[in-house]
Amino acid sequence: MTTSQTFIASPSGPLQGVVKAPGDKSISHRSLIFGGLAEGVTEIDGLLEGEDILATGRAMSSLGATVEKLDQGRWKVIGKGRLQSPQDLIDCGNAGTGVRLLMGAVAGYPITATFDGDVSLRKRPMKRVTGPLAQMGARFDWKADEDRVPVAVNGGELVAIDYTQSVASAQVKSAILLAALNAQGTTRVTEPEKSRDHTERMLTAFGAKVDVQEVGEGWIISLEGGQPLRGTKVSVPGDPSSAAFPLAAALIVPGSEVTVEGVMLNPLRTGLFDTWIEMGADLTISNRRTSGGEEIGDITARYSKLKGVVVPEMRAAAMIDEYPILAATAAFAEGQTVMRGIGEMRVKESDRIALMTAGLKACGVEVEEEPEGFIVTGGPVKGGATVETAHDHRIAMSHLVLGLAAEAPVSVLDPEMIATSFPGFVTLMNGLGAKIGV
Ligand code: S3P
C-alpha cells in the first residue's frame, strides 16, 4: 500500500459525550463465515463494516455464498451448506482472523482456494493454523515463503484430531473447529488458558452441539464432525477493543467524561477494563443486558489519576489486542506498569512491542523493552513526535489518543489502516472534543 497521509492529534480540552461502540470485529468475521457455511438465511445486524470484515464478506461470496448489504450494519447471507472453489485468489487484506478462520472453513471441502493479504498479513505466521489442519488431512502449497501467505489450501476428507494449544489462540482454535465440522470423528482442542469463545457460542447458535469441559484455568472443546449448520439471526455487540480508545482518551484528558454504549462484556475480552480499574480508573458499567447471546453494557470513563500496576500474565489472552492502548494510558500513570508474558504481541498486525516502545520513547516516555513484554514508566508525556505504525490500526489509534493528552501534538504515519477495525474513528473522537486533524 502506498500512502502519504498523516493524522495529527493535538492536546485537547475535556472530552464529553455518549457514543456507540462499533460492531465487534471477531463476531463480525464469524457471522459472515458461519452464515456462508450454513444452509439457509442468516440475518446480521450491527455488522462492523471495516475493511477486514468486507474482505471476509467478499471471500465468502467467492466461495459460493450470497452476501448482501441491506442497510447500514444490516446484512443477509445465504449459504448452501457447502463451499465451492473460488475463481480467483482470495485477498484477506490486513485480516489475520479472516484468513486463518477461512483456511479452517475451506479445509473440510474438496476444493482449492489460494489466500493472500497485504504487506502486514504476508509477514504473519500461518503454520500455527496449517499445522493442525494438515494433521487433519488438508494440504498446503506455499506460493512464496513457507509459513506465510500467499498459500493454496487443498481441502478434502478430514479426520478428527486431539490438539493441545501451546498459546491460547482463538484464531487457531476456531480454524480447527471450523474444519472439524466436516471431519470424521470428534475433534478435541485443549486450551491450557481460555481464549475468546465466540466460535463456540456461534456454533451453538447455528445449531451444532459443542461440548466444553473446564480443566484448571483452561478447557477442552469437543466437536463431532458431520453436523450441519442452519442459518440464524446474529446481533453483533459493540467491540470492547474499539471502545477502549474513546474510554482511554477520557481517562487521560483532564475533566473528561465519556460513555460508550453497547459494549460486549464477555469476560474473555474485558481484561483491559479490569486492569484500568486496578490502576485506579473511574470506570462504571451500567445498563447491563443481553444481546445476541453476549452480555453488553454501557461503560463510562472519567478522567482519573492512574497508578502503575503489574498486569497478571494469566490475563494476556483476555486483553491481547489492548496492550498498545494500555501502554498509552500507562504513560500518564504514576510509577511503572509491567506488561509481561505477551510475546504474541510481536506477531500481530505488526510487532506491537517494538512499535509501542519506539513510539512512546519518541514521545518522551520511559519504556523498557523485553523479549516478551515491556515496562512503561509514567511521567510527563512530551509528544511532539512523528510515529511509525507499520500499517497497524491499533498502533495508530493508541498514539492518536496519547497525543490528545501530551504536551505537544503527535503525528501518526499511515493511519488509513484504522478503517480495518474502526471506520469513523476520527469523526467519533472529534465529536467528543478531540482534536485530530488529517
Ligand atoms: C481474534 C483472536 C486474537 C486477536 C485477534 C482476533 C479472533 O488473535 O488478537 O485480533 O477473532 O479470534 P489470536 O487468536 O491469534 O490470539
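Quick look at the numbers
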{"read-out": "Test result for S421, buried (at least 22 other Cβ atoms within 10 Å of the Cβ), within 22 Å of V258 (Cα to Cα) and in contact with a His (Cβ under 6 Å, 6 or more places away or on another chain)", "value": "yes"}
{"read-out": "M319, sole failed condition from (1) assigned to a helix (DSSP H, G or I); (2) more than 30 Å from G207 (Cα to Cα)", "value": "(2)"}
{"read-out": "Matching entry among D298, D211 (being of a type in the set (D, E), at pLDDT 95 or above and in the same structural domain as Q171 (by TED's automatic domain parsing))", "value": "D211"}
{"read-out": "Residue match in the stretch 205-214 (condition: assigned to a loop (DSSP other than H, G, I, E, B), within 15 Å of the ligand (Cβ to nearest atom) and within 21 Å of G35 (Cβ to Cβ))", "value": "no"}
{"read-out": "Members of the stretch 149-163 found to be touching a Phe, Trp or Tyr at 6+ places or on another chain (Cβ under 7 Å) and part of a loop (DSSP other than H, G, I, E, B), listed by number", "value": "V149, P150, G155"}
{"read-out": "Residue within the stretch 137-154 that is of a type in the set (A, V, I, L, M, F, W, C) and either within 12 Å of the ligand (Cβ to nearest atom) or within 28 Å of V236 (Cα to Cα) (or both) present", "value": "no"}
{"read-out": "Residue satisfying all of: in the stretch 165-202; in contact with a helix residue (DSSP H, G or I) (Cβ under 7 Å, 6 or more places away or on another chain), touching a residue at least 60 places away in the same chain (Cβ under 8 Å) and under 11 Å from G225 (Cβ atoms); nearest to the ligand (Cβ to nearest atom) among these", "value": "L177"}
{"read-out": "Residue among I220, I176 that is crowded, with 18+ Cβ neighbours inside 10 Å and at negative phi", "value": "I176"}
{"read-out": "Matching residues in the stretch 236-283 - criterion: being farther than 15 Å from V18 by Cβ, within 16 Å of the ligand (Cβ to nearest atom) and aliphatic (A, V, I, L, M)", "value": "V236, A244, M264, L268, L272"}
{"read-out": "Residue in the stretch 277-295 that is acidic (D, E) and in the same structural domain as T164 (by TED's automatic domain parsing) present", "value": "no"}
{"read-out": "Filter result (surrounded by 23 or more Cβ atoms within 10 Å (Cβ to Cβ) and farther than 23 Å from G424 by Cα) within the stretch 40-66", "value": "T42, A59, M60, L63, A65"}
{"read-out": "Sole exception among (1) buried (at least 18 other Cβ atoms within 10 Å of the Cβ); (2) within 16 Å of the ligand (Cβ to nearest atom); (3) modelled with pLDDT of 95 or more for D351, by number", "value": "(1)"}
{"read-out": "When residues of the stretch 8-24 are limited to those that are at pLDDT 95 or above and buried (at least 24 other Cβ atoms within 10 Å of the Cβ), the one nearest to the ligand (Cβ to nearest atom)", "value": "D24"}
{"read-out": "Verdict on P409 being surrounded by fewer than 17 Cβ atoms within 10 Å (Cβ to Cβ) and more than 13 Å from the ligand (Cβ to nearest atom)", "value": "no"}
{"read-out": "Of residues in the stretch 97-133 being assigned to a loop (DSSP other than H, G, I, E, B) and of a type in the set (V, I, T), the one surrounded by the fewest Cβ atoms within 10 Å (Cβ to Cβ)", "value": "V119"}
{"read-out": "Positions within the stretch 122-132 being within 15 Å of the ligand (Cβ to nearest atom) and either charged (D, E, K, R) or touching a residue at least 40 places away in the same chain (Cβ under 8 Å) (or both), in sequence order", "value": "K123, R124, P125, K127, R128, V129, P132"}
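The values are calculated or read from the model by the stated rules, or taken from the named source; none is laboratory data. Please read these numbers as outputs of a predicted model, since none were measured by experiment. Cβ atoms come from the backbone with ideal geometry, glycine included; neighbour counts cover every protein chain shown.
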